[in-house]
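Each remark here refers to the structure printed beneath this line.
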């Protein structure tokens, strides 16, 4: 599925849309700054799939610091049958730059 821009993500968050939203950064990164997504670090994602299983047929948005780890998370989830995964291009860095 096509990735998502930070502009589109911000618009959806500003509208208080409800959607499966996962932050794949490490816990310490999440604690420093987050967008309110569910924190499942990329390294533990294979062991925590049960937490998102109910969203398998839904659009899932994943993000990280710059978009690299979440890109890997998207690829991994696609191998597990999650076909509506969208990576946030530029990650939280691009999102925070948008706000400035």
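The values are calculated or read from the model by the stated rules, or taken from the named source; none is laboratory data. Computed from a predicted model, the values in this text were never measured in an experiment. Heads up, the Cβs are rebuilt from the backbone with ideal geometry, glycines too, and the neighbour counts pull from every protein chain shown.
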Within the stretch 93-100, does at least one residue satisfy the condition of being free of Cβ contacts under 8 Å to residues at least 24 places away in the same chain, part of a loop (DSSP other than H, G, I, E, B) and over 10 Å from the mean Cα position of the chain (by Cα)? yes
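To keep it simple, each residue is scored yes or no on (1) over 20 Å from residue 100 (Cβ atoms); (2) without any contact (Cβ under 8 Å) to a residue 60 or more places away in the chain.
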{"site": "2", "(1), (2)": "yes, no"}
{"site": "11", "(1), (2)": "no, yes"}
{"site": "37", "(1), (2)": "yes, yes"}
{"site": "48", "(1), (2)": "yes, yes"}
{"site": "66", "(1), (2)": "no, yes"}
{"site": "78", "(1), (2)": "yes, yes"}
{"site": "86", "(1), (2)": "yes, no"}
Going residue by residue through the stretch 65-83, is there one that turns out to be at pLDDT below 95, over 10 Å from residue 3 (Cβ atoms) and more than 11 Å from the chain's Cα centre (by Cα)? no
Look at the stretch 6-57 and say how many of its residues are within 19 Å of residue 93 (Cβ to Cβ) and either outside any helix (DSSP H, G or I) or at pLDDT below 95 (or both). 13
